[in-house]
Amino acid sequence: MNIGIVCYASVGGSGIVATELGRALAGRGHQVRLVSSELPFRFGDYHPGLGFHPVQAPLYPPLREPQYLLSLANKLVQVSREFSLDVIHAHYAIPHAAGAYLARQILATSGDDRVPKVITTLHGTDVTLVGADPSYSRTVTFCIDQSDGVTTVSESLKAETIRELSVGADIRVIPNFLDCDRYRRVPDPELRARLAGDDPATKLVIHMSNFRPVKRVDAVVEVFRQIHARVPARLVFVGDGPELAPACEQARELGLGDAVESLGEQEQIVPLLSAADLALLPSATEGFGLAALEAMACETPVIASRVGGLPEVIEHDVSGYLHPPEDLAAMADSAVALLTDEPRHREVALAGRDVALKKYCADAIVPRYEDYYREIVGVR
Ligand code: GMT
């Protein structure tokens, strides 16, 4: 099949999933064209069957801002014609579902004999925060409804899409996935010593995100403060975004400056997750919580908010811990209980790995996207 995948290139779950899907589909013999504003994070080396096509949005007076949506639709028309696309798969509705919809309309009304089907995958904030904003909600709902196929990354996001946006389209749930061979615990004692120090009693806590308000990084610092008061511990931040500097400032004000290290965006996250004893994800909402799954695959137990798709990934008190987002004391208590009980820590770590292996490996999920493409293309 010839598949065009549209996604955001910057660090973020939807771009990671879309790029990994593109690589996996190309590996399974499909012709895949990735369309994005720049080379996606994690695109990696040359992959037979996988090509990248940048969207350029030049700025000329009197334009006040780059017209990304128009250029995207334009690029999708070109790529569809050149590679005879069967499917345009838009990841993150805003504005990718609109770009795909426009491209399909242009091709259909131009009399092209091949008009690709449009599939939109909703990831989270494209429904919960941005999509539900009254400034966007009507166009977002329209474009989702106009897609030939719609998927969400969790049951919870499917319910929220119907509730928040009154989407009428039939929605298929296809959860996120990872390459379970690559995502596994690979201990690196040197890295561990560099991050946690020489004292083996010091525990290493990690928070990995795009540092947006929805991640509640202030809550990460507060939970860490409570952990640090009871257990020798250090915290590493992986990623960057508007909340990073305030969080580092908060840590300094709490006298935790020396215990908190910010690593910025990192491409190789497996060694970092493997070095950690615990991951914190006290988000306000998560469509799925890919960061939690990545940690679990690396045998790093996760303490998270009981919100969105996270309860579908983490079973409380079995493969991690879930608490109401505002109950930071409960998160800290679970963290301390786990960090001071080695056998229990091992049990939860292995249960997390087991969840990844049983439910979320690429080998199990990618064929579900292939089947869905066939189903949608077949009903032409
Ligand atoms: O987490 C983010 O803010 C990034 C965002 C994105 O679109 O890149 O992530 C969303 O998609 C991920 C991949 O499906 C999900 O795992 C995240 O839960 C979801 N984030 C939110 O809903 C906040």
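Nothing in this text is a laboratory measurement; each read-out follows from the coordinates by a stated rule. Since the structure is predicted, the reported quantities are computational estimates derived from the model, not experimental observations. Neighbour counts run over all protein chains shown; Cβ positions are idealised from the backbone, glycine included.
Pairs of alpha-carbon atoms within less than 8 angstrom and 6+ residues apart define the contacts here; what relative contact order does the chain have, in percent?
RCO, the chain: 13 percent.
Could you pull out every Cys in the chain that lacks a partner Cys with its beta carbon under 4.7 Å away?
That list is C7, C143, C248, C298.
Under the definition of Cα pairs under 8 Å and six or more residues apart, what whole-number percent is the relative contact order of segment 269-353?
29 percent
How big is the dipole moment of segment 189-359 about its Cα centre under a simple scheme where the beta carbon of each Lys and Arg is +1, that of each Asp and Glu is -1, and everything else is neutral? Debye, nearest 20, please. Could the numbers behind the result be given before it?
Values: 16 positive and 27 negative charges, 34 e Å.
Magnitude of the dipole: close to 160 debye.
For the pair E38 and A364, what calculated FRET efficiency results from E = 1/(1 + (r/R0)^6), where r is the Cβ-Cβ distance and R0 = 35 Å, to the nearest 0.05?
E(calc), rounded to 0.05, equals 0.70.
Arranged from highest to lowest average of other beta-carbon atoms within 10 Å per residue, in what order do the peptides 13-19, 191-197 appear?
Most protected by this proxy first, the peptides run 13-19, 191-197.
On average, how much area does the Cα convex hull of segment 189-359 cover when viewed from any direction, in nm²?
Taking the Cα atoms of segment 189-359, their convex hull projects to 8.6 nm² on average.
Stick to the Cα atoms of segment 63-214, pair each with every other, and give me the Kirkwood hydrodynamic radius in Å at one decimal.
Over segment 63-214, the inverse of the mean reciprocal pair distance is 18.1 Å.
Working from Cα positions, state the angle (0 to 90°, nearest 10) between the long axis of helix 328-339 and the longest principal axis of the chain.
70 degrees
Please compute the Kirkwood hydrodynamic radius of segment 48-108 from all pairs of different C-alpha atoms, in Å with one decimal.
Mean inverse Cα-Cα distance, inverted, gives 12.4 Å.
Debye calculation, C-alpha points only, no solvent: report log10 I(q)/I(0) for the chain at q = 0.12 Å⁻¹, in the same order as the q values.
Ignoring solvent entirely, the Cα scatterers give -0.90.
Put a dot 7 Å past each Cα toward the Cβ at E267 and I162; how far apart are the dots in nm?
4.2 nm
Is it possible to state the helix-based mean residue ellipticity at 222 nm for the chain, with each DSSP H run of 4+ residues giving -39500 (n - 2.57), the sum divided by total residues, to the nearest 500 deg cm²/dmol? What is it?
Calculated at 222 nm, the ellipticity per residue is -13500 deg cm²/dmol.
Counting Lys and Arg as +1 and Asp and Glu as -1, what is the net charge of the other residues whose Cβ lies under 15 Å from the Cβ of S110?
Around S110, the surrounding residues sum to 0.
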